[in-house]
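The values are calculated or read from the model by the stated rules, or taken from the named source; none is laboratory data. In this text, all values refer to a predicted model and were calculated from it rather than measured experimentally. Reconstructed Cβ throughout: ideal geometry from the backbone, glycine too, with neighbour counts over all protein chains shown.
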Amino acid sequence: MTSKKQLKKELIIQSALELFASKGFYSTTIPDIASSVKISVGSMYNYFTSKDVLAKEIIKYISLYLGNKLQNINEEKISTEEKTKKIVEVYFKTASLKPEMIDYFLRIYLSNREVFKNGCEGMICVNEFVTEIMIYFEEGVRCGDLRDQDFFSAFGLFMGYLGGMVFLKGEEILPKALDTYIDDISYNIYKALSK
Amino acid sequence: MIKLLWLSGITCNANTHSFLNYPFIEQFLNDFEFIYHPVLDSSYTLQEIVSNEIECDVLLIEGSISPEFQRADVSIEDIIRKYAPKVQKIVTVGTCATFGGIFSQSDYKDVTGLHFDKEQKNQKFENLFDKTISISGCPIHPEILVNTLYAIKGDIALRLDNFLRPKEFYAYTVHNGCVRNEYFEYKVDAHQFGELEGCMFYDHGCQAPFTHASCNKILWNEVNSKTRVGLPCFGCTEPTFPKANLFTTKKNMGVPENLPLGVGKRVYLTLAGITKAFKIPRLEKKLLDD
């Protein structure tokens, strides 16, 4: 793919992501997305053969974006406690600067499983992100900071907590800005997971 | 005729027993002569071996070595020092003679292998390093020992790894040739030991993907291997042998602590994430019973 075509593709992904996150998956049409990036409906299909395909590409795009950020944290020579805080920071920062990404994950990916069941089995489409969380856990246990336990009991605690806070923010229930909670939430998560 | 001296250090004699299972032992004994072997008829007694200097081509050492340990009232180290300079090759037979093995945990002082204390190289017999070949294993595979001795007899240069093990036999992993590879690929673990189905890497302690040996290439008793029969590989050819809890896979939050040789954690987890997302019905079923 030429870089020009690749750029266009990313532009469509970003635009569709914003539309899906704000209007919902079923209320957003291919013509809506095409007009938001100023291309014809016909040429949209040169990039994505269906709305479902686009939806899956978007979740992979988000997973790669967050996965890369987490990989940088995992590769730093810092304690598990510091890594915990940095992961919380990245997640909340993304939720503030690119709210559509986290909204998409919570409101589209998790809520419309029928769209993702073929092609996004298990955690395939969020593999990069989950892999980095697993590495963070594994290395935390290996160095003696974290308590060994089932992956999902730890994953649920970490991501459920962060997702819940972002959801409350999205619902405008949270009284303060997300980043004001970083210290307490990082402390709580680390306390809960550590030995 | 190549003359062999089989010297026993601190050992349970399992390598001797394993060697006796070599299917063509008669042919072997026609081609080699034991000047001394602890259980086979040999030309000299141990007393004669330690009191004289008998002509010899290959020194085979079975068992760990300690400066305190004696044979026929002579320190094992002195017997090695006496024969080692005269022989063409030294072969450490088994994991104890090579790395110290299980007898490292015995009450003798400073128990090690001839050249290695687990992964660490010893200085003591450094001058013998270039003439030594390590045949690790608990016990050794008889064909691997015999084939190595025939290579010495035929003056065939064997390429060795960093622990002096012939690459011909130790460049492979035990995983190579395992009949459970399909189950490994799709992450289907065995639910019970001894069953035909399932891989034992994920839960049952199998060390085959990171253990150097040819157990699934050169079968035991010409018919089978541990993993084929439904038992985990214990990693018995490695300097780290024996580890604790051999029947369970050490995991950190679900991720195996030891990954297949040379496979990075990120690569492993990425692949694992993909394969775990799918169920292959054929691999969930019994192979033979409907």
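If I go through the stretch B:13-72 residue by residue, how many of them are part of a strand (DSSP E or B), without any contact (Cβ under 8 Å) to a residue 40 or more places away in the chain and not hydrophobic (A, V, I, L, M, F, W, C)? Talk me through it step by step, then tell me what you get.
Our first condition is that a residue be part of a strand (DSSP E or B); within the stretch B:13-72, this holds for B:32-36, B:58-62, B:64-65, B:70-71.
Pick out the ones that are also without any contact (Cβ under 8 Å) to a residue 40 or more places away in the chain and you get B:33-36, B:70.
Retained after the next criterion (residues that are not hydrophobic (A, V, I, L, M, F, W, C)): B:33, B:36, B:70.
Looking only at that region, the number is 3.
Among what's in the stretch B:103-122 and is farther than 14 Å from residue B:77 by Cβ and surrounded by fewer than 17 Cβ atoms within 10 Å (Cβ to Cβ), pick the residue that is farthest from the chain's Cα centre (by Cα). Full working, then the answer.
From the stretch B:103-122, those farther than 14 Å from residue B:77 by Cβ are B:103-107, B:116-121; that's our starting set.
Checking which are surrounded by fewer than 17 Cβ atoms within 10 Å (Cβ to Cβ) leaves us with B:105-107, B:118-121.
Details: B:105: 18, B:106: 20, B:107: 23, B:118: 13, B:119: 14, B:120: 17, B:121: 18 Å.
Only one residue fits best here, namely B:107.
Here is a yes/no grid of residues against (1) in contact with a Leu (Cβ under 6 Å, 6 or more places away or on another chain); (2) modelled with pLDDT of 95 or more:
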position	(1), (2)
A:133	no, yes
A:136	no, yes
A:145	no, yes
A:161	no, yes
A:164	no, no
A:168	yes, no
A:171	no, no
A:174	yes, no
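Within the stretch A:46-89, restricting attention to residues that are surrounded by fewer than 18 Cβ atoms within 10 Å (Cβ to Cβ) and among the aliphatic types (A, V, I, L, M), the residue that is nearest to residue B:269 (Cα to Cα) is A:64.
Residue pairs whose Cβ atoms lie under 8 Å apart, sitting 6 or more positions apart in sequence or on different chains, and linking a residue in the stretch B:242-255 that is touching a residue at least 40 places away in the same chain (Cβ under 8 Å) to a partner that is assigned to a loop (DSSP other than H, G, I, E, B) and among the aliphatic types (A, V, I, L, M), do not occur here.
In the set (1) at pLDDT below 95; (2) touching an Asp or Glu at 6+ places or on another chain (Cβ under 9 Å); (3) not aliphatic (A, V, I, L, M), residue B:281 fails one condition alone, (2). Of all residue pairs spaced 6 or more apart or on separate chains, none has beta-carbon atoms under 7 Å together with a first member in the stretch A:143-155 that is at the interface with chain B (Cβ under 7 Å from one of its Cβ atoms) and assigned to a loop (DSSP other than H, G, I, E, B) and a second member that is of a type in the set (Phe, Trp, Tyr) and buried (at least 17 other Cβ atoms within 10 Å of the Cβ).
Look at the stretch A:25-44: where a residue is closer than 19 Å to residue A:116 by Cβ and a partner is outside any helix (DSSP H, G or I), sitting 6+ places away or on another chain with Cβ atoms under 6 Å, you get A:25/A:112. The helices (runs of 4 or more DSSP H) falling completely within the stretch B:176-290 include none with 1 or more residues that are in contact with a Phe, Trp or Tyr (Cβ under 9 Å, 6 or more places away or on another chain), within 24 Å of residue B:137 (Cα to Cα) and within 14 Å of chain A (Cβ to nearest Cβ).
Residues in the stretch B:116-168 that are under 28 Å from residue B:234 (Cα atoms), assigned to a loop (DSSP other than H, G, I, E, B) and basic (Lys, Arg): B:118, B:159, B:165. Taking the stretch A:115-142 as the range and being surrounded by fewer than 18 Cβ atoms within 10 Å (Cβ to Cβ) and more than 7 Å from chain B (Cβ to nearest Cβ) as the test, the residues that pass are A:117, A:118, A:119. If the condition is being surrounded by fewer than 13 Cβ atoms within 10 Å (Cβ to Cβ) and not aliphatic (A, V, I, L, M), then the stretch B:251-278 contributes B:257, B:262, B:264, B:278. The criterion of at least 1 residues that are within 15 Å of residue A:108 (Cα to Cα) is met, among helices (runs of 4 or more DSSP H) falling completely within the stretch A:1-48, by A:3-23.
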